[in-house]
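**Q** What follows is a structure written as C-alpha cells; I'll ask about it next.
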Amino acid sequence: MDMSVVYNNAPLLWYGVLYTLYYTLITVTGGLVLGLVVGLIQFSRYKALVFLGWLFVEFFRNIPLLVILLWTYYALPIFLNINIDKGIAGFLALTCYGAAFYAEILRAGIQSIDVGQSDAAVALGMSYGQRMRRIILPQAFRRMIPPLVGQSIMQMKNTSLLSTITVPDLLYQAGYISSFTYKPMEVYTAVGILFLIMLVPLTVLSRMLERRQSAVK
Amino acid sequence: MNADQARTILELEGIHLSFGRKEILRGVDLKVREGEVVVLIGASGSGKTSLLRCINLLNTPRSGRIAINSEPIFEAGPTDNGISKVAPTEVNRIRAKTGMVFQQFNLFPHMTILENIMEGPVIVKRETPSEVETRARALLDQMGLADHASKKPAQLSGGQQQRVAIARALAMRPTLMLFDEPTSALDPELVGEVLKAMVELARSGMTMVVVTHELGFAFEIANRIVFLDGGVVVADGSPQQLLLHPDHPRLKGFVNRFHETADMLRPFLEAK
C-alpha cells in the first residue's frame, strides 16, 4: 500500500469531507423539519392531511434513494421544464427521503406514549398545542433520540450517493483521485477510514444517550 | 346542609354515547348538587366509567346536554351527529374547572412531583408560578407528601402517586372532582391512604363523582349512589336505600354478588 497518494491529494479529500459534512448537515436539518411536519399531520383530525402524510412516507420510503436522486436530477427538470442545480436536486432527494424515515420515527414515538398521558392533559384543560408541547413531545423525543441518531448516521452515509450526480462529496473526490493516480485501493481505504472517523463518535454518543435514558426511566 | 337548596354543579341530560356501532349509554340524566358525593356503581360494561369520562368530554357523546356550573360544555341534538354547539376553547375553559383522578394515576413522568402539580395552573390558567408553588407545596403537605416534591413519579409508590394525582387536580381549584376507579390499580395495602384522602376531601365539602368497585367505601363516602346497568340509570338514591334495601332486581343481583362487601358494610351500619 502506498498511502502517499492520500497525503498528496489531502486537499481534495478534505474538500470532499467538507461537502459530505455540509450535505449531511443541511439534509438532516431539512429532513427533521419536514419529517416533523409530515409526522405531525398524521395526527391531524383532517383525513386529507393524514392521507397526505401517509402518502409522502410510503412514497419516499419505498423507492430506492438512488432512484429518487437520479429521478430528481435527470427527470424532474424535464417534467417541470426548469433547470435544477445538482446541489438542489441532491438536497431535495436526500431531505425528502430522510424526512419519510424521520416522520415514521416521530409517529411511532408519539404513539408509544400512553393515552393516559393525553387524558390527564386534556382533563387539566390543555389545548392540543399545549398537550403536544408540554406533555407528549418531551416524552416522545426522549424515546426517539436513539432512532433519530441512527437515521442521521444513515443519512450521512447516504450522502455518498450524491457522487452519482457529480456533487463533489468525499466519494466523488475519491473516484476522481483514483482516476488519475490509478490507486483505488489506497484512496477508497482512506474514504472508509474517514467515514469511520466521522461516524463512530456519533454512534458512541447515541449509545450514551440511550444508556442515560434507560437510567432516567 | 339541605341538598335541595344547594345549587346544581353538574347537569347531564339525555346522554347517548356509542363506540362505533356499540351503544354504551342510552339516555342518561344526572344532576349533582354542590357538596354532594355521588358514587357510580354497576357491573363492568355498564357504562359507569364511560359516563364519568363524558362529564369532562374525554368521551364525546353522540347527543345530549352537559353543563357544569350552569355553563354548557356539550350540547348536541339527536341529529347533530355528536357535533357540539360549544366551541373547543370554551370546552377547555370549563374542563379546567373539573379535576380528574385516573385509575392509572397518569402523572407526567418527565416532571417532578411539584412540577406535575404546578403544570395545570401555570400553563392552562396562566397563574404566577411563585403563587402556584406555594399552593402546590401546601397541597403536598396536606397529602402528607411534602418530602417528595422534587422526586419523579416513578420513585413513588402507587398510593403516593395517586395522592399526587389528587393534589394535581385540586391545584386547579376545581368546582367538581371526578374519580375513575382511583384505587383499582393499587396494591391492597395502599388503598387505605388514597381512600382516606378522598374522605377528607368529601368532608371539606368538595363536590365529587366517583366510580368505584369498593362498595364499603361507597357506603361510607356517598350521599348518593347511582346504579347503572346497560347504559341507563336503573337506581338512584341514598346508600342505605340502594345497598341495604335494593329493590330493583338487577341491583339486587349486583349487590348480592358482593356478599363479602355486604359483610364489610355491617360495622359501618352499626356505627351509624
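**Q** For region A:120-137, state which residues have at least 10 Å² less accessible area in the presence of all protein chains than in their chain by itself, taking the probe as 1.4 Å and leaving out ligands, DNA and RNA.
**A** When all protein chains are present, A:120, A:122, A:123, A:124, A:125, A:126, A:127, A:130, A:134, A:135 each give up 10 Å² or more of accessible surface.
**Q** Treating only the Cβ atoms of Lys and Arg (+1) and Asp and Glu (-1) as charged, compute the dipole magnitude of chain B about its Cα centre; round to the nearest 20 debye. It would help to have the intermediate numbers written out before the result.
**A** Numbers: 31 positive and 32 negative charges, 107 e Å.
Charge dipole of chain B: 520 debye, to the nearest 20.
**Q** Which distance in nm do the two modelled labels at residue A:180 and residue B:203 give, with both placed 7 Å along the Cα-to-Cβ direction?
**A** Computed distance between label sites residue A:180 and residue B:203 equals 9.2 nm.
**Q** Further question: Just the Kirkwood number for chain B, please: inverse of mean 1/r across all distinct Cα pairs, in Å, one decimal.
**A** On the way: mean 1/r = 0.0518 Å⁻¹.
Over chain B, the inverse of the mean reciprocal pair distance is 19.3 Å.
**Q** Continuing with the same structure: Can you tell me how region B:108-173 classifies by the Cα gyration tensor, rounded, prolate or oblate, using a/c under 1.5 as the rounded cut?
**A** Working: a/c = 1.80, a/b = 1.52, b/c = 1.19.
Prolate, because a/c is 1.5 or more and a/b exceeds b/c.
**Q** Quick one: among A:111, A:139, A:130, which has the greatest mean-square fluctuation in a GNM of chain A with alpha-carbon springs under 10 angstrom?
**A** Ranking A:111, A:139, A:130 by mean-square fluctuation puts A:130 first.
**Q** Have a look at the protein assembly as shown and give its Rg and Dmax from the Cα atoms, expressed in angstrom.
**A** Just the Cα atoms of the protein assembly as shown yield Rg and Dmax of 30.4, 102 Å.
**Q** At a Cα cut-off below 25 Å, give the lysines reachable from residue B:125, other chains included and same-chain residues fewer than 8 away excluded.
**A** Hits, sequence-local ones excluded: B:85, B:97, B:151, B:152.
**Q** In addition: Between rounded, prolate and oblate, where does region B:84-130 land on the alpha carbon gyration tensor, with a ≥ b ≥ c its root eigenvalues, rounded for a/c under 1.5, else prolate if a/b exceeds b/c?
**A** Numbers: a/c = 2.87, a/b = 1.42, b/c = 2.02.
Oblate is the answer for region B:84-130, as a/c is 1.5 or above yet b/c matches or exceeds a/b.
**Q** State the percentage of accessible surface on chain B attributable to carbon and sulfur atoms; use a 1.4 Å probe and exclude ligands, DNA and RNA.
**A** Working: 5850 of 12020 Å².
Answer for chain B: carbon and sulfur cover 49 percent of the accessible area.
**Q** Hey, another quick one. Accessible area per residue of chain B at 1.4 Å probe, in Å²? Spell out each step's value before the answer.
**A** Working: 12020 Å² over 272 residues.
Result: 44 Å² per residue.
**Q** Is chain A rounded, prolate or oblate when judged by the Cα gyration tensor, a ≥ b ≥ c being the square roots of its eigenvalues, rounded requiring a/c under 1.5 and prolate requiring a/b larger than b/c?
**A** On the way: a/c = 3.62, a/b = 1.67, b/c = 2.17.
Here chain A falls in the oblate category.
**Q** Straight-line reach from residue B:252: which lysines fall under 18 Å, measuring Cα to Cα and dropping same-chain residues less than 8 apart?
**A** B:48
**Q** Determine the dipole magnitude for the protein assembly as shown: charges of +1 sit on the beta-carbon of Lys and Arg, -1 on that of Asp and Glu, nothing else is charged, the reference point is the Cα centre, and the result goes in debye to the nearest 20. The partial results should precede the final answer.
**A** On the way: 47 positive and 41 negative charges, 120 e Å.
Result for the protein assembly as shown is approximately 580 debye, rounded to the nearest 20.
**Q** Run the reach check for residue A:86 against lysines, Cα to Cα strictly under 28 Å, same-chain hits fewer than 8 apart removed. What comes back?
**A** Result set, ordered by chain and number: A:157, A:183.
**Q** Run the helix sum for the protein assembly as shown: -39,500 (n - 2.57) per DSSP H stretch of 4+ residues, divided by residue count, reported at 222 nm to the nearest 500 deg cm²/dmol.
**A** Values: 19 runs with 259 residues, N = 489.
When only DSSP H runs of four or more count, the value is -17000 deg cm²/dmol.
**Q** Within region A:26-65, find all residues whose amide N lies under 19 Å from a label point positioned 7 Å from the Cα of residue A:141 along Cα-to-beta-carbon.
**A** A:28-43
**Q** A further question on this structure: Between residue B:248 and residue B:87, what is 0.36 nm times their sequence separation minus the Cα-Cα distance? Round to one decimal in nm. It would help to have the intermediate numbers written out before the result.
**A** Values: separation 161, 0.36 × 161 = 57.96 nm, distance 4.00 nm.
Separation in residues times 0.36 nm, less the Cα-Cα distance, equals 54.0 nm.
**Q** Name the residue from B:114, B:130, B:157 whose Cα lies farthest towards the positive end of the charge dipole of region B:108-173, charges +1 on Cβ of Lys and Arg and -1 on Cβ of Asp and Glu.
**A** B:157
**Q** Can you list which of the DSSP-assigned H helices in chain A have a Cα extent of 30 Å or more along the long axis and an average Kyte-Doolittle score of at least 0.0?
**A** For chain A, where a helix must reach 30 Å along its axis and average at least 0.0, the hits are A:10-41, A:86-111, A:184-216.
**Q** Sticking with this structure for a sec: Hey, can you find the accessible area per residue of chain A for me, probe 1.4 Å, expressed in square angstrom?
**A** On the way: 11570 Å² over 217 residues.
Counting only protein heavy atoms, the per-residue value for chain A is 53 Å².
**Q** Still on this model: Taking the Cβ-Cβ separation of residue A:51 and residue B:60 as r and a Förster radius of 30 Å, what is the calculated FRET efficiency to the nearest 0.05? Before the final figure, lay out the partial values.
**A** Details: r = 23 Å, r/R0 = 0.76.
The pair residue A:51/residue B:60 has a calculated efficiency of 0.85.
**Q** Students often check this: by mean Cβ neighbours within 10 Å, which of A:58-68, B:86-96, A:76-86, A:90-100 ranks highest, and how do the rest follow?
**A** Numbers: A:58-68: 13.9, B:86-96: 16.6, A:76-86: 10.7, A:90-100: 23.7.
Taking the mean over residues of other Cβ atoms within 10 Å, the ranking is A:90-100, B:86-96, A:58-68, A:76-86.
**Q** If you don't mind, another one. Dipole of chain B (Lys/Arg Cβ +1, Asp/Glu Cβ -1, origin at the Cα centre): which of B:38, B:143, B:96 lies farthest to the positive side?
**A** Highest projection toward the positive end goes to B:96.
**Q** Mind checking the full-extension length gain between residue A:25 and residue A:67? Use 0.36 nm per residue of separation minus the Cα-Cα distance, one decimal, nm. Don't jump to the answer; show the numbers that get you there.
**A** Details: separation 42, 0.36 × 42 = 15.12 nm, distance 2.19 nm.
Full-extension gain reported as 12.9 nm.
The values are calculated or read from the model by the stated rules, or taken from the named source; none is laboratory data. None of the values given here were measured: they were computed from a predicted structure. Using ideal geometry, Cβ is built from the backbone for each residue, glycine included, and neighbour counts are taken over all protein chains shown. Protein only, heavy atoms only, side chains kept; ligands, DNA and RNA dropped before computing areas. Shrake-Rupley method; radii C 1.70, N 1.55, O 1.52, S 1.80 Å.
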